[in-house]
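Encoded as structure tokens, the structure appears first; notes follow it.
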Amino acid sequence: MNELRNFDPQGGHGLKIIPIDKNPLVVDLAQKIEHIFLEDGGINSSNIISISIELMQLVENYKELTGSKKKDVVIDVINLLLTTNVRDKNELFVLKEIVDFTIPTIIDTIISIDKKEIRIKLKKCVNYLFCC
């Protein structure tokens with residue numbers, strides 16, 4: 001995906017498609033978040049979830065965006081970071097597959113947990129893990 005879907009950075013109501021590498025919001029957020037994975041040795045499957053969560057926290061400040069637009073922005077920033085920082089084509093393919101098929105569901109799940117629509121009983125999980 002090389003476009004930010006239906007997002008007008010000037011807040012207009014028209015459906016304007018902007019290439020993600022030209023969208024000021026996406027580029028700004030990518031620059032703000034780059035330090036996380038640069039310190040971690042690059043963007044990879046081990047840190048892509050924490051980068052997503054960090055982006056979710058940053059995007060939450062944009063009250064003018066709907067929830068689905070915020071999710072699109074997070075995904076587009078990650079895609080921009082991948083295309084500009086991952087040189088190995090096979091690794092890029094795998095990471096984009098993770099973004100396309102896993103990150104949207106993870107974002108939805110984290111939001112559901114935050115809204116208390118999903119409860120995780122950590123005591124039961126911990127007891128189960130250490131019972132054997």
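FYI, it's all coordinate maths here, none of it is from the lab. What you see is a predicted model; the values in this text were computed from it and never measured. A quick note on method: Cβ atoms are made from the backbone with ideal geometry, for glycine too, and the neighbour counts reach across all protein chains shown.
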Q | Over 30 Å (Cα to Cα) - which of Lys89/Lys116; Lys63/Lys89; Lys71/Lys116; Lys22/Lys71; Lys96/Lys121 fall in this group | A | Lys89/Lys116; Lys63/Lys89; Lys96/Lys121
Q: Kindly rank 47-58, 69-80, 89-100 from highest to lowest mean number of other beta carbons found within 10 Å of each residue.
A: 69-80, 47-58, 89-100
